[in-house]
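In what follows, a single structure is set out as structure tokens and then discussed.
The values are calculated or read from the model by the stated rules, or taken from the named source; none is laboratory data. Just so you know, these numbers come straight off a predicted model, no measurement behind them. Every residue, glycine as well, gets a Cβ built from its backbone with ideal geometry; the counts of neighbours run over all protein chains shown.
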Amino acid sequence: MDQIAFKVNQNDNVATALTDIGAGQTVIIRGDREIQKVLAKNEIPLGHKIAIHRIRAGGDITKSGLPIGRATKDIEIGLWVHVHNLASKIDIATDRSDND
Amino acid sequence: MGYRRENGEIGIRNYVEVIYTVLCSSKVAQDIAAGYKNVQVFGFPGCYENEYALRLMAALGKHPNVAAVLIVGMGCEGTEINLLGQMISESGKPVKILKIHECGGTAATINSGRRAVESLLDYARHVPQEPISPSNLILGVKCGGSDGTSGLAANPAVGRALDLHMETGGMGMFEEILELMGCDAFLVDRAINEMVAGKIRSALDKAKKWSLRTKQFGIVAGSYRDGGLTTIEEKSAGGYLKTGTHPIRDVIKVAEKPSESGLYMMDSVPDDFDVIFGYSNPNDSEGFGNLVSGGCHAIMFTTGWGSVIGSVVVPLVKVCGNPKTYKKLSEDIDIDAGTIIEGKETIDHVGLKIYEKVISVARGERTKAETLGHEEHYIFYKYQSPACKENPCS
């Protein structure tokens, strides 16, 4: 079965997994005119985000055309993007990952 | 079918509501209502009075989905029972009042209460019915139990359904201001004029200040994170989509009922009052209460994790965008929007399905939550000034 992630807006640098994605699997990124393929470097559960561009630490993560937070580490293409490498720019109280 | 009320309003349900005005009278209220079909219970548990709670109870009691009301209080609580009764009577519907002190205790009040409910049910049976058209309806939208699928499937599909409804000339309403953080530009852009744009900015600024003071930005941690939502901005970006694309006619407060057709943003965030008083959207039921107080006949409710709740006074049409959730909880969900995630249906197609279901529910079809007997409510302390006509509210 194809592993698929959806890119909502053409300016997004993350896509959302529409299926559970295993580490090492090729993911088809749908949503843009050109279909991009990305190699997943982590396990990414359905509903979670995969990086489809390289993002520098401090840079914006963009989804649905909006900044949804900033990268707290450099993020390579294909990495799982979540609390361990993405922090809110508005909510300074509850954005700490339990893993920090 | 629609039920024509004394004041000319039309409702899509015909409930008798038993309202308790303090926690101490709630068991008696439940026992009075037990076993009767189309009789619901809601109320306010506090003994200190709260103007906001009174206003909310009155708005729910006056709602056109309600045929008649029985208020059950102790007689010693802070909430002024007679005042509540008067406020609801303004709608023209029958209101009965029982005070446990006057009746002489639990058993006596339950006895009198059940006789009162029977006579109110008889009244309800004789309310004139007539066909209802979509443009008569006020629809609310809300999300709960959101996950990473919510912004991709259920919310955009509900947004389409809301847009369809707005085209009929009906009214629409959304709240959850705390979960619109970062969407300012989108919302302001949809304001019908500069005055409304200013009210939107004020409401969002107030929400940000409230969140910074309470150190709580909506509810993001826990299951939302497990479901893939990382930040409040991300949750907001997805939640925003359920509001569709229609222009925003005005910003209203809780228990303010608009009269002109159009889409309204409801500010349910507490107002500044020495210390910020009260929570905004502490749970989904509080949010439904807000939308009902603005006159919503029915609410389209999106969920990713799968919510089982219903609401007093209005039917909820539940839409789930997570295909895994739908497989487990289909008994509790009305529309499967997970087909969008699976690539089986388009957002537009599901949006149309949702709207068709809403119309069918308006005409009498029972939702899953109604069938299962879910009639939750949550009314608690808050300070929010009543509707104000200026921009922005000072």
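Conditions (1) within 7 Å of another protein chain (Cβ to nearest Cβ); (2) polar (S, T, N, Q), marked per residue:
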{"position": "B:202", "(1), (2)": "no, yes"}
{"position": "B:207", "(1), (2)": "no, no"}
{"position": "B:212", "(1), (2)": "no, no"}
{"position": "B:215", "(1), (2)": "yes, no"}
{"position": "B:226", "(1), (2)": "no, no"}
{"position": "B:233", "(1), (2)": "yes, no"}
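Considering only residues that are under 12 Å from the mean Cα position of the chain (by Cα) and in a strand (DSSP E or B), look in region A:71-87 and name the one that is nearest to the other protein chains (Cβ to nearest Cβ).
Ranking the candidates gives A:86 first.
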*The listed residue being more than 19 Å from residue B:307 (Cβ to Cβ), more than 14 Å from chain A (Cβ to nearest Cβ), modelled with pLDDT under 95 and surrounded by 24 or more Cβ atoms within 10 Å (Cβ to Cβ), out of B:251, B:269*: B:269
*Mind telling me which of the residues A:50, A:68, A:28 ends up being part of a strand (DSSP E or B) and either within 9 Å of chain B (Cβ to nearest Cβ) or within 16 Å of residue B:237 (Cβ to Cβ) (or both)?*
A:68
_Condition check for residue B:309: away from chain A (no Cβ under 14 Å), in a helix (DSSP H, G or I), touching a residue at least 60 places away in the same chain (Cβ under 8 Å) and buried (at least 16 other Cβ atoms within 10 Å of the Cβ)_ = no
*asked:* On the basis of being touching a Gly at 6+ places or on another chain (Cβ under 9 Å), touching a residue at least 24 places away in the same chain (Cβ under 8 Å), of a type in the set (A, V, I, L, M, F, W, C) and surrounded by 13 or more Cβ atoms within 10 Å (Cβ to Cβ), does residue A:51 make the cut?
replied: yes
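Could you grab me the full set of residues in region B:293-306 that are hydrophobic (A, V, I, L, M, F, W, C) and in a strand (DSSP E or B)?
Here is the first cut: in region B:293-306, the ones hydrophobic (A, V, I, L, M, F, W, C) are B:296, B:298-301, B:305.
Selection gives B:298, B:299, B:300, B:301.
Every residue in region B:64-103 that is of a type outside the set (S, T, N, Q), in a loop (DSSP other than H, G, I, E, B) and either free of Cβ contacts under 8 Å to residues at least 60 places away in the same chain or out of contact with any strand residue (DSSP E or B) (no Cβ under 7 Å at 6 or more places or on another chain) (or both), please.
Residues of region B:64-103 of a type outside the set (S, T, N, Q): B:64, B:66-78, B:80-81, B:83-85, B:87-88, B:90, B:92-103.
Within this subset, residues satisfying the condition of being in a loop (DSSP other than H, G, I, E, B) are B:64, B:74-78, B:80, B:90, B:92-94.
Those that are of a type outside the set (S, T, N, Q), in a loop (DSSP other than H, G, I, E, B) and either free of Cβ contacts under 8 Å to residues at least 60 places away in the same chain or out of contact with any strand residue (DSSP E or B) (no Cβ under 7 Å at 6 or more places or on another chain) (or both): B:74, B:75, B:76, B:77, B:78, B:80, B:90, B:92, B:94.
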*Answer yes or no: is there a residue in region A:33-41 that is within 13 Å of chain B (Cβ to nearest Cβ) and at negative phi.*
no
*Take region B:183-197 and flag every residue that is outside any helix (DSSP H, G or I) and surrounded by fewer than 17 Cβ atoms within 10 Å (Cβ to Cβ).*
B:192, B:193
*Qualifying positions in region B:43-72 - of a type in the set (Gly, Ala, Ser) and out of contact with any His (no Cβ under 9 Å at 6 or more places or on another chain)*: B:46, B:53, B:58, B:59, B:61, B:67, B:68
*Failed item, numbered, when residue B:341 is tested on (1) without any contact (Cβ under 8 Å) to a residue 60 or more places away in the chain; (2) within 14 Å of chain A (Cβ to nearest Cβ)*: (1)
*Please enumerate the residues belonging to region B:107-150 that are within 26 Å of the chain's Cα centre (by Cα) and in a helix (DSSP H, G or I).*
B:117, B:120, B:121, B:123, B:124, B:125, B:134, B:135, B:136
_Top-ranked residue in region B:21-59 [being among the acidic types (Asp, Glu) and in a helix (DSSP H, G or I); ranked as surrounded by the most Cβ atoms within 10 Å (Cβ to Cβ)]_ = B:31
*Would you mind stating whether residue B:14 is within 23 Å of residue B:363 (Cα to Cα) and either in contact (Cβ under 8 Å) with a residue 40 or more places away in the chain or aliphatic (A, V, I, L, M) (or both)?*
yes
*Restricting attention to region B:198-214, and to residues there that are at pLDDT below 85 and not hydroxyl-bearing (Ser, Thr, Tyr), which single residue is surrounded by the most Cβ atoms within 10 Å (Cβ to Cβ)?*
B:212
*Of all residues in region A:1-24 being in a loop (DSSP other than H, G, I, E, B) and crowded, with 18+ Cβ neighbours inside 10 Å, which is farthest from the other protein chains (Cβ to nearest Cβ)?*
A:13
*asked:* Condition check: within 21 Å of the chain's Cα centre (by Cα) and in a helix (DSSP H, G or I). Does residue B:166 satisfy that?
replied: yes
*Within region A:31-43, how many residues turn out to be assigned to a loop (DSSP other than H, G, I, E, B) and among the hydrophobic types (A, V, I, L, M, F, W, C)?*
2
*Filter region B:146-200 for residues that are away from chain A (no Cβ under 12 Å) and on the phi > 0 side of the Ramachandran plot and give the result.*
B:169, B:176
